[in-house]
Every structure is written in C-alpha cells, then in structure tokens.
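First the structure, in the form of structure tokens, and then the observations on it.
The values are calculated or read from the model by the stated rules, or taken from the named source; none is laboratory data. Quick caveat, the model's predicted, so the values are computed rather than measured. Ideal geometry is used to build each Cβ from the backbone, glycine not excepted, and the neighbour counts take in all protein chains shown.
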Amino acid sequence: MDPKVGDRILLEAEKVGQPARSGVIEEVLAVERLRIRVRWDDGHSSVVAPSSGAAVVQSSPHSAD
C-alpha cells in the first residue's frame, strides 16, 4: 500500500456488526509503520495505523505526488 494525500481509504470495522469506514487521506505521517490522518465521510478526522489487510486505498486522479 502506497497511500498519498487525496486518496480514498476504506477501513474494515473493528467489531462484527459495525459498518466499514471510508474517507480521504489528508496527511501521511509515517511510511515505514504506516500512520495516516484521514477525514472520514462523516466529517470527523483521526490518525490511523491500519493493520495489514484491514484497509483498501483507492488512488485519486488528483492525489498529491
């Protein structure tokens, strides 16, 4: 996974019965141990460190290089 600012992310739910969360990556804070700031579709933002296989990043044609 090579996330960039402007890409969309879909993060699977932590608990059974909860919906997945999606949003836009606002900032890549660390790459080696991935940490990103996400603006969720509900308007909130948070810093996440997604575990392997728990997130899907969709490249945006307008994402920053």
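Determine if segment 39-48 includes at least one residue that is at pLDDT 85 or above, touching a Pro at 6+ places or on another chain (Cβ under 8 Å) and on the phi < 0 side of the Ramachandran plot.
No, that holds for no residue.
Is one or more of the residues making up segment 30-48 in contact with an Asp or Glu (Cβ under 7 Å, 6 or more places away or on another chain) and among the polar types (S, T, N, Q)? So far as segment 30-48 goes, yes, one or more of its residues are in contact with an Asp or Glu (Cβ under 7 Å, 6 or more places away or on another chain) and among the polar types (S, T, N, Q).
The number of residues in segment 8-33 being surrounded by 11 or more Cβ atoms within 10 Å (Cβ to Cβ) and among the basic types (K, R) comes to 2.
Criterion applied to I25, I36 was being in contact with a Pro (Cβ under 9 Å, 6 or more places away or on another chain), of a type in the set (A, V, I, L, M), part of a strand (DSSP E or B) and under 17 Å from P61 (Cβ atoms), and the one residue passing it is I25.
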